[in-house]
Amino acid sequence: QVQLVESGGGLVQAGGSLRLSCAASGITRSINFMGWYRQAPGKQRELVAGITSSGTTNYVDSVKGRFTISRDNTKSTVYLQMNSLNAEDTAVYYCNVRSGFWTYWGQGTQVTVSS
């Protein structure tokens, strides 16, 4: 049974930092892609950052220079270091893992930035 366990969300003041973690278990095939999406109220879910198995990263323009994604392949874990947070970063953040033809989602973790 595949599980994605997220942690690290919470309430932070503008300018602060948070680190999200997502540990995947039960995936027997190679993990091609790990990433973080977010969805704010009334908005579509968007890809915030992603990292491939070779370490190639991509970011949405609004977080470039502030967020850093990384992964530990030995632990099947992906991290999102979020710095200089602002109110526009408030959303539910979802871990996303792709392995072959399968896509898995975490349950979501709330990030709230107070101004």
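Screening S17 against (1) of a type in the set (S, T, N, Q); (2) surrounded by 14 or more Cβ atoms within 10 Å (Cβ to Cβ); (3) modelled with pLDDT of 95 or more leaves a single unmet condition, (2).
Within the stretch 41-54, the set of residues being open to solvent by 20 Å² or more (accessible area, probe 1.4 Å) and either touching a helix residue (DSSP H, G or I) at 6+ places or on another chain (Cβ under 8 Å) or assigned to a loop (DSSP other than H, G, I, E, B) (or both) comprises P41, G42, K43, Q44, R45, S53, S54.
Scanning the stretch 88-107 for residues that are within 20 Å of S17 (Cβ to Cβ) and either of a type in the set (V, I, T) or surrounded by 15 or more Cβ atoms within 10 Å (Cβ to Cβ) (or both) yields D89, T90, A91, V92, Y93, Y94, C95. Listed by first and then second residue, the pairs linking a residue in the stretch 61-77 that is touching a residue at least 12 places away in the same chain (Cβ under 8 Å) to a residue that is assigned to a loop (DSSP other than H, G, I, E, B) and loosely packed, with under 12 Cβ neighbours inside 10 Å, with Cβ atoms under 9 Å apart and 6 or more places separating them unless they lie on different chains, are S70/G55; R71/G55. Scanning the stretch 70-87 for residues that are outside any helix (DSSP H, G or I), open to solvent by 10 Å² or more (accessible area, probe 1.4 Å) and of a type outside the set (S, T, Y), we see that the one that is modelled with the lowest pLDDT is N73.
For the stretch 5-22, the tally of residues that are at negative phi, more than 11 Å from the chain's Cα centre (by Cα) and part of a strand (DSSP E or B) stands at 5.
Failed condition for I27, given (1) of a type in the set (V, I, T); (2) exposed (fewer than 12 other Cβ atoms within 10 Å of the Cβ); (3) part of a loop (DSSP other than H, G, I, E, B), with all others met? With respect to (1) of a type in the set (V, I, T); (2) exposed (fewer than 12 other Cβ atoms within 10 Å of the Cβ); (3) part of a loop (DSSP other than H, G, I, E, B), I27 is out only on (2).
Pairing residues of the stretch 102-115 that are part of a strand (DSSP E or B) with residues that are charged (D, E, K, R) and open to solvent by 40 Å² or more (accessible area, probe 1.4 Å), at Cβ distances under 9 Å and at least 6 apart in sequence or on separate chains, gives W102/R29; Y104/R98; V113/E88.
The values are calculated or read from the model by the stated rules, or taken from the named source; none is laboratory data. Everything numeric here is computed off the predicted structure, so don't read it as measured data. Neighbour counts are summed over all protein chains in view; Cβ atoms, including those assigned to glycine, are modelled from backbone coordinates with ideal geometry. The accessibility values were calculated without ligands, DNA or RNA, using every heavy atom of the protein model including side chains. Shrake-Rupley method; radii C 1.70, N 1.55, O 1.52, S 1.80 Å.
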